[in-house]
Every structure is written in structure tokens, then in C-alpha cells.
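Here's the structure, in C-alpha cells; my notes come after.
The values are calculated or read from the model by the stated rules, or taken from the named source; none is laboratory data. Small disclaimer: the values here were computed from a predicted structure and weren't measured. Note: ideal-geometry Cβ built from the backbone for every residue, glycine included; neighbour counts use all protein chains shown. Keep in mind that these areas ignore ligands, DNA and RNA; they rest on the heavy atoms of the full protein, side chains included. Shrake-Rupley method; radii C 1.70, N 1.55, O 1.52, S 1.80 Å.
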Amino acid sequence: MPTPLSPRSVPLCFLLLLAIASSCGKEEETTARAEVLFEREAARPVGVVGENLDLKKSSHDDWPTEILHDNAKHSLKELFHAMLDGDFDRSRAATVLAEDFAGASALQPATLEVVRETGRLQVRRESAGALAPSGEGGEGGRNAFLQQVEAMSKQFGGKHAHADFKIISVDPQDAAHFATHVLVQMHGLEGGPLLANMDWSVVWSGTPEVELPTIHSLQRNFYEEIEAPQPLFAELTEEVFGAFPFFARDFLQGSADLYRRSDRLSGNSMMGWQGLAVGDVNGDGLDDLYICQPGGLPNRLFLRQADGRATETAEAAGVAFLENSRAALLVDLDNDGDQDLVVSMGSHLVIGYNDGRGGFAGLTPVTPDGVSFVHSLTAADYDQDGDLDVYACRYNTGESGALGGGLPVPYHDADNGGRNVLLRNDGRSAADPGQAGRGIFTDVTSSVGLEQNNSKFSLASVWEDFDNDGDLDLFVANDFGRNNFYRNDDGRFTDVAEAAGLGDLAASMGATVSDYDRDGDLDLYLSNMFSSAGLRIASQEDRFKSDNEQEREAFLSHARGNFLFSNNGDGTFSDVTDEAGVSLGRWAWGARFVDFDNDSYEDLYIPNGFITGPDKDDL
Amino acid sequence: MTSQSPESETAAEADEYLAAWEALSHLIMEEGGSWSGREKNCAYLNLGNGRFANVSPTTSADYPDDARAVAVLDWDQDGRLDLVLKNRTGPRLRLLHNRSTDNNPWLRLRLRGTGASNRDAIGSLVTLTLADGKRLVQSVHGGDGYLSQSTKTLHFGLGDGSEIQGLQVRWPDGQVEEFPLPDTRKQWLLVQGSGVLSEQARPALARFAGLDPSPASLQVESSHRIVLADRLPMAEVPLPAYENAARKVGDLSGGPVLINMWGTWCVGCQKELAEFKQSAAELSAAGLRIIAISNDEADQQDLAQKRITTFGLQDAAGPATAEYLKVLALLYDELLGANAPSVLPTSLLLDDRGQLCVIYQGPVEPAQLLSDVAALRRAPATARFTGTLQEGRWLSVRVRDFAGLANGLRQAGLNDLAAYYTTFAERDAERHREAAGG
């Protein structure tokens, strides 16, 4: 029997579980003499236990249900291979059905309702209501189940058929059975035409020693089909940018390759934290792009040409900075009718004023107090004095690496991150007429009340008049713990996250706003971490000591995925994530509301993924 | 509400936590591990009833990239919102053209604040009232999402075409203004206080709709040209020679130098050397001297010396000694980090003062060398920076960790070199003091 973990070891184990996808692969050894300049000893981690830490092993030793998870995963893979690899393989599918098969509900409901039709795209789902009835058990039930599997195989199978699934909970039942909650997404043909989203509860026959457990029973909780005769998007990257001679070097290589081949002095990292800004830089009425790049590569300014391709003018415009740049804004800071540029580098900002023709002069460095890693930038006129102020999210108390300035402590509600700053634009009242009143920014973070809860690992912010009182409130998305929701009252801010219903603990990375339900107020979608491994372990109440319930819930919340908060109309929010069905991103960075199909209901796009290494082993 | 960290209560627990992070970091940075890798981007379709459907695979935008940021704009002005993605993995930039098959009307509104409102009208709230009494609400943002700023032009999808019955703007300064009703499928400029709409003609790029997808794909380059952010002095670094065992880099004064590391078993190296030979006249005219250092074992150096003669580079050539390689490895650690690949051939381009400016990993074309030598000549003699060698410019002073380098050399028993680099640490400390004073 597993012993309950001490409260102290929980964060450690949680971290390891989140990283369970990692593996310790080594590069292939070759016997021929390698074409290397010099051989080096393999670097070793310097941690106290780091040298002997086998992440996968320690995770599994602490969490035996992870073995059950791996086993169920094998069996589900078998089932989907039988369904989707060429013709239906009935005998292979039959191997995942238990001797003591007790019955399954139909995989597909008899009737589906069209819930959305837009152009040639159609969404059909089963009506909510009673649980799908279970079929019979025994041989007859097995045959009936295999017939349904075969029917789905015919519907979805083929060259590009694919099934993705996640097991989000594992609960041992008795000595011979365990229950799982499984999310399945199956699609036939590349990019459509048919997609099915399914939610199953599966009880398996099998002990941890059984590598291929078998299905004892299966309950369909949800079924949905989407038919899309053509993909929503056509990628035109090469068409628009591909002609630039620098394009392959600067944009087709991954950040890790760029990092290993750049001067460390360039302040580069392999994390890929480089963003972009959209704005009309040359005043021709068309939006252009400013692209931040890692240290040692120049940032790029792509102007949209009449033919839809881009020209690149960063060098000529004076903004081809080589510093490791993270975020940028194109906004009119001096109210002269053109788009000025703000770029974050390390703990600093640089502001360039547009000369009206797309060139930038009068570069002004802005160096707030303290050393800490700036991530996202936003601009808003918080004090309604007619010019735009700048808010910078600063992550950790250092300028380099992932966590160069210290590790988040405690993991689930860290309070040792960087200091965010609100920089008030004092350009208009500047005494120096020679500067045309430009470049005067005052750090007003403390005086306006934003020092409250201001040592989080902040990644993004968004300004919005959530409480509809005529001024802009500020939401800040924080990694490793709670977010900030600063209510603006005449230019003074108070963090009311808890009272506003936004007090959840999570690893937040982005925030986006829209009136998604068209009720007239603005709602909030947060991109967080979704971890099925985290969900699996944090949901196991008996594995946590009873005095540790709060922490367990914190970890559960950390793994739950994205949040959708519906505005109650007064700046307080209700968590509607589950009924909306939008929790699953994955390692979700800044999601964005965007109306894909002009139906006036804003849709969501979610960029995902943390670190992909050359090793193929993954969840 | 700040809670003391329970994990930091004892040093042992804090150490354990730190060690776990370090082990993870090591796994990812140095052993090629993944952490939430190959996770696909997601797309949800809003069903209009408070629910969403996960339609990711039908968008073809469900890339397994390590995505980071997404920005939204109508790149081709066809009335559908497009996406630009920034990724960690290659390709690191993607542009996705929206090909929705809907025929829903839309409206684009560009706002301009006046008076006590900011000109970009960031913070404005626009309300469209539709015939069915429903309202559409959008606001202007200056950045949102993560590391991203999307277009400030408001884009309203209008659904199945319910007629617009009202257009109201609440400007950033609080003024509320009603505007005339706009025609759909057009872009309009709304200037605060004007009370009128002016059309901004933005014809759609017709050709975009018919373009076949042209996706970017990951590219792994076999040759790399690494321009250093600051020249690295190497004058005191030993440079082994067949004829003069005590030679140092600084003995090669009087012009730019290319130190080329090669081996007799390395096919790519000899192909490169053959190209150098073909372009020997041009390279020599440009004043570039090529010093070939063979990485062969000691018992192969006779062969290496003979072979290098066939390329006409025998005069200043030499064998890579153990000490030379040890020094190079330590310099590499400082310049590129301990995990930088070390390949053959590798060439080092030094200026006429023995300062390293460019590292070429893999073969380098003679044309590139000629261009780089010319760029070096154009650079001011006093410049610390190799700005002419690449596009772009540094805004900040980059200060190399010469003290750390000296320390590493000292630990390796290379005391003379350690002393040499210590002088640069002192020089930089002086620079810092000057910078702080000025």
C-alpha cells in the first residue's frame, strides 16, 4: 500500500509528475570517429539529489496509479490501432475486451442534433440529459460493442485517421479493477472532414502487473461530431515571408538550435519567449508586424505590401535590435497620429518614436527599479489624462534563463517573483520642449496601489472596464499561483481578485477578453496549464494527508486547464469553464478570442506546448 | 495575504525542491528531453449557447509546435480574421489565412480618439445594437494574450445578418457618442466628436483566396555562422605549429586570420579546404591568412602535414595539441555554453589584432569569408562590436565574463592565459565605473 505523502514532499512530486513526459534519452553512440572539434565530458546537474534522480522512476514509485494509467494507455492504443490502421482488425480490437465484460453504452448516440452550422462546417452533438444506457454484458455484449467499434472504424478509418486521447483520472476499484475517465478525439482525413469528441468512463480489468488491461465496462458521457469539408485555415507563411534570404536562418530553426549557436553574451535563452506586435507602422492603413527575436538575431519589421507579401525594414527603421527581445507594442504614445514602438529586453524597455513615415528616432530606454525579466506589455490610459501608459509584467527576479532569479516558492502560490511596473506617460507635461515632451515615464506602481500582491511570476495582463464604471481595470495572469484583479477607482487600484471570484490558484500564462455570451459585458478567458498527469494524481484524495486538503485542491486547480470566467455584469465573475467545455488547452500560453466565422460569437485559439526535445518519448 | 513558503522551512526541503528543478532543467536543456512537448494548439468554436466545441483538427492549425504567442489581424483585408503565430520550435513564425466558408456579413471599425482621449482610442467600448435587440460589445486593447498585441481595428462578425440599429462609442475620456448606421462588409473610420463615419477603402487581396497553402517547415542548418556580440581577445592563446611550437595567436599580426580546424578523416573539411584552394588568390588579395590546424591524432600528423600541402596551406599549419583543444573547449564554454555542439570543420575569423569575431561551424564558403573580411575592414578599429558583420545593432553594452573565463583557465592549470583574461576583467570593471559615472 502506498503511504500518504508528507505535505512537504507534495510539491516536489507534483513537479515531477508534470514532467513525467520527459525522458532521459542519450544521443546515439557511433563507432566511427566523430567529426567533432573536441570531446567533452557530459555536464552533470549540480543539485543535491539531482545526479541520482530518475524522474520517471521516482514518479512511478510514489504514484502506483501511474502504472495503471500506462497500462490503460497501451490498451486504448491497441483499440484505436485496430480501428484506424487500414481495415478494421476485429481480433485485435477483441483483445482489449475483458472476459468479465459487463457491458457498454453505444459509442455513438442514435440521434444527433445540429447545434451549429456555419458555411459548410457543422457541429452535431447528442442532447444533454440522461446517461446513455448500458448494453448487455457477456459474449453478446462483446459482439455488440465490436460492431459499434467497426461502424466507427468505417466512418473514421483511412489514411489520415487519428485518435488523440487523455486519461484524466485513475481510480482503483478492487483488487482486479480500476476506473478511468478518458477524453478521446478521433478524426478521419487530414484536417477533416469528420471529427468526433468523446468522453468515456472506462472500468478496466487488470492489476498493475497486467500490461494490457481489458475493458470491463464503458460508459459514454458525451459524443459530438464536427464535419468540416475544408480546413478553416490555409498557412501562407512561405508565400508572405519565404522570399527573404534570412528567413530560414532566423525563423525556420528552433530556439534550442539558435541558442546553442549564439554567443552567450547575447542574453539568449532556449525558451522561445519572443512575441510580436501588430500595428500600422507606415501609415498606409494596413497593419504591419514587429517580430521580437532571440539575442543575436535582429528583430524584424514586416510591412504589408500591396500584393500581400511583406517587406522588411527593421534595419532602415532603426529598430533591428539584437538584444533578446520579448514583447513589443505598437501604440501612439505621443498622440501625433503614428505608431510608436515599445520593446522589452531583460528588465528594461526601449521606446522608439515614429517619425511618421515608419522610421523610429529618439530611442528612449526606460529602466524600472530592480532586475527582473519582463514578459508581456500592455498599454492603456489608466488615469484618463489623454495619453497611453505602459504596464510591464516582470516574471522572476533575474534576467536570464527560465528561472534565473530564483525558484517559485511555494510552488502553488509563489510570492517571490518579479515586480511588475506601471509606467505613467508624462510626455505631455515634460519640461524639455526640445524632446517634444517625449520619453518621460514615471514608475507610479506604488503610488497607485499596484504594489499590492506584486511579487508574482507574472506573464501577461489585460486592461478592461470589467465593472463598467468608465475606467480600465487591470487583470494580471500569474504563473505558480493566484492572479491579480486590480479594480480601478479614479486611478487608484485595489486587488479584488478573491472577492470578484477570480481567486483560483493556477499556472496562468495569458488572458483574453470578449463578450463571448453576448450578454453585454466583457468576459475573461485564462490560459493555464492543463496536465492530465497532474489531474490524475491530485484527484486522489486518499494520497494526501487530511490536513493537506487545501494544498491538494491547489494542485488540482493547477492542473485543471484553462478558465472561462463569465462577467456577472458588475465586475464579479462566475466560473463557467466546465459548462462551456473549454478547460483543455494543454501547456497553454496566451489564448485569444477571435471570431473565426463572423457569426458574432467569438471563438478561441490556444497556442500550446512547453518544451519539445529531440527525444520522441512523450505522453 | 502573503504566505510564508512551507517548503522553505528547512534547508533540506528547500535543497530537494531546488534539486528537482535542476534535474528537470538538466533533462530539458542538456539531454534533449521534452516537458509537455508536441502539444497541439487548440481551437474552440463558440456554439452561441454558452458552449464551445473543440474543432482543433478541422482547422489545420493544430500544430504540435511549442507555440508561444498568437496575434489576430485581417492580413489580406478579406473580412476574415487571420492569425500570426510565434513558436519556440521551428518554424518560429506562421501566418494562417482564414478560409471560413461562411457568408456572414462583417464590419471593421477603426477608432481615433481626440481631445482628452488617447489617439489610438485604446479603452474605447463600442456597442452595436442589432434588430433583435441584442448587442455586440467590443473594446480596443493595446496588447493582450501573451507577448502579443493584435490589431486595434475592431472586427465585428455579424452572424446571419440581423440589421444594425445602433452604433455607440464610449471613448476613453468617457464621452459617449452615437454614430450613423454603417454599411456592412466595409471598414469605417470613427473620429471622436465628428459624429460621422468615413469609409476606409480596403480592397481585399483577391489572389489570397486562391493560393495553395505554403506552410513553413522546420529547417536544421548544417553550417552556422556565429557572429560574436563582442570580439574576444585571443592574442595570448597558444597556436600550435609544425615548425614553431611556441607560437601564439598574437604572433600572426598584420591582418585578418582564419584558423581552420580540420582532420584527414573529415570529408567535409577537405572539401572546404579544396574550395579555399580554388579561391586562394581572392582570399589572399583580401589579406586573409588561413591557418589550418589538424585535429588528427599524433601518429596521423605526418599524413596531415602532407595532405595540407596539397591544399597549399602548409606554411603556417599545425597540429591540434591537447592543450590547444583544452583552451578551445574552455573558450567555447564561455562563448557558446557547455552544450554547444563542436563540429568539424570549424573556423575562427580573427581581426588584425587577434580578436575572435566569427565562428563558422561546418564549412564556410569563400564568398562568405570575403564578405566578412570586407565588413571587418569597414568596422572602426576601436569598435568592440562587430556590428558591420551582421544586420542589426546592440543598444546595450554587453560585458563578457572574463573573470569566469580566467577562473576556468586557472582551474585547468593554464595560469598564463588566466592572467591574460584577468586583465580584460579589470578593463571591463573600469568601463562599468565610467558608464556608471557618466
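Taking the Cα atoms only, what angle lies between the long axis of helix A:138-156 and the longest principal axis of chain A, rounded to 10 degrees?
Long axis of A:138-156 versus the principal axis of chain A: about 40 degrees.
At what distance in angstrom do the alpha carbon centres of region B:207-242 and region B:353-407 lie from each other?
13 Å
When the accessible area of the protein assembly as shown is computed with all protein chains present and a 1.4 Å probe, what percentage of it is carbon and sulfur?
50 percent
With a 1.4 Å probe on protein heavy atoms only, work out how much accessible surface A and B bury together, total over both chains, in Å² to the nearest 100.
The A and B chains share an interface burying roughly 17400 Å².
If you take the beta carbon distance between B:Ala201 and B:Val176 as r and set R0 to 30 Å, what does 1/(1 + (r/R0)^6) give as a FRET efficiency, to the nearest 0.05?
0.60
Given a Förster radius of 60 Å and the C-beta distance between A:Ser127 and B:Val397 as r, what FRET efficiency does 1/(1 + (r/R0)^6) yield to the nearest 0.05?
Here the calculated transfer efficiency is 0.35.
Using only the alpha-carbon atoms, how far is helix B:301-310 inclined from the longest principal axis of chain B? Give it as 0 to 90 degrees, nearest 10.
Approximately 70 degrees, to the nearest 10.
Show that you can apply the helix-only estimate: for chain A, add -39,500 (n - 2.57) for every DSSP H stretch of four or more residues, divide by all residues, and state [θ] at 222 nm to the nearest 500.
My calculation for chain A gives -4500 deg cm²/dmol from helical runs alone.
List the residues whose amide H sits under 5 Å from the amide H of A:Gly158, counting only those 5 or more places along or on another chain, with H placed 1.01 Å from N in the peptide plane.
A:Gly86
Around A:Tyr382, which amide H atoms from residues at least 5 apart in sequence, or from another chain, sit under 5 Å from its own amide H, with H modelled in the peptide plane?
Correct list: A:Asp389.
What is the sum of charges, Lys and Arg at +1 and Asp and Glu at -1, for the other residues whose Cβ falls under 13 Å from the Cβ of B:Asp212?
-1
Using only Cα atoms, find the angle between the long axis of helix A:549-559 and the longest principal axis of chain A, and express it within 0 to 90 degrees, rounded to the nearest 10.
For helix A:549-559, the angle is close to 80 degrees.
Using a Gaussian network for chain B with springs between C-alpha atoms less than 10 Å apart, which of these wobbles most: B:Arg119, B:Arg38, B:Arg225?
Greatest mean-square fluctuation among the candidates belongs to B:Arg119.
For labels at B:Glu430 and B:Asp15 in the simple 7 Å Cα→Cβ model, what's the distance in nm?
Each label point is offset 7 Å from its Cα along the Cβ direction, giving 4.4 nm.
Which value in nm describes the separation of the simple spin-label points at A:Ala176 and A:Glu39, placed 7 Å from the Cα toward the beta carbon?
5.6 nm
Provide the net charge surrounding A:Val114, with neighbours chosen by a C-beta distance below 12 Å and charges set as Lys +1, Arg +1, Asp -1, Glu -1.
Result for the local shell: -3.
With the other protein chains left in place, how much accessible area per residue, in square angstrom, belongs to the protein assembly as shown at a 1.4 angstrom probe?
Averaged over the residues of the protein assembly as shown, the accessible area is 36 Å².
Taking every pair of alpha-carbon atoms in chain B, what share in percent sits in each 20 Å bin, from 0 to the bin with the longest distance?
For chain B, the pair-distance distribution reads 18, 35, 31, 15, 1.
What is the protein assembly as shown by shape, rounded, prolate or oblate, if you read a ≥ b ≥ c off the alpha carbon gyration tensor as root eigenvalues and call it rounded for a/c under 1.5, prolate for a/b larger than b/c, and oblate otherwise?
Oblate, since a/c reaches 1.5 and b/c is not below a/b.
What net charge do the residues around A:Ser205 carry, taking every other residue with its C-beta under 10 Å from that of A:Ser205, with Lys and Arg at +1 and Asp and Glu at -1?
Net charge around A:Ser205: -2.
Near the amide H of A:Asp595, under 5 Å away, which other amide H atoms are found, from residues 5 or more places off or on another chain, if H is placed in the peptide plane?
A:Asp603
Assuming 0.36 nm per residue, please report the length gained on full extension of the stretch B:Ala322 to B:Glu297 beyond their Cα-Cα distance.
Extra length from B:Ala322 to B:Glu297 when fully extended: 8.0 nm.
Given Cα pairs under 8 Å that are at least 6 residues apart, what percent is the relative contact order of region A:488-536?
28 percent
Contact order normalised by length for chain B, with contacts defined as Cα pairs under 8 Å and 6 or more residues apart; what percent is it?
Reported as a whole number, the value is 11 percent.
Note down the nm distance, to one decimal, between modelled labels 7 Å out along Cα→Cβ at B:Ala116 and at A:Ala248.
For B:Ala116 paired with A:Ala248, the spin-label model returns 5.8 nm.
Lysine pairs in region B:214-346 8 or more apart or on different chains: how many have alpha carbons under 25 angstrom apart?
Total qualifying Lys-Lys pairs in region B:214-346 comes to 5.
Considering only C-alpha atoms, what is the centroid distance from region A:468-500 to region A:103-154, in Å?
45 Å
What is the total of Lys pairs in chain A with C-alpha atoms under 19 Å apart, excluding same-chain pairs fewer than 8 positions apart?
Qualifying lysine pairs in chain A: 15.
Accessible surface of A:Asp171 in the full protein assembly, 1.4 angstrom probe, to the nearest 10 Å²?
60 Å²
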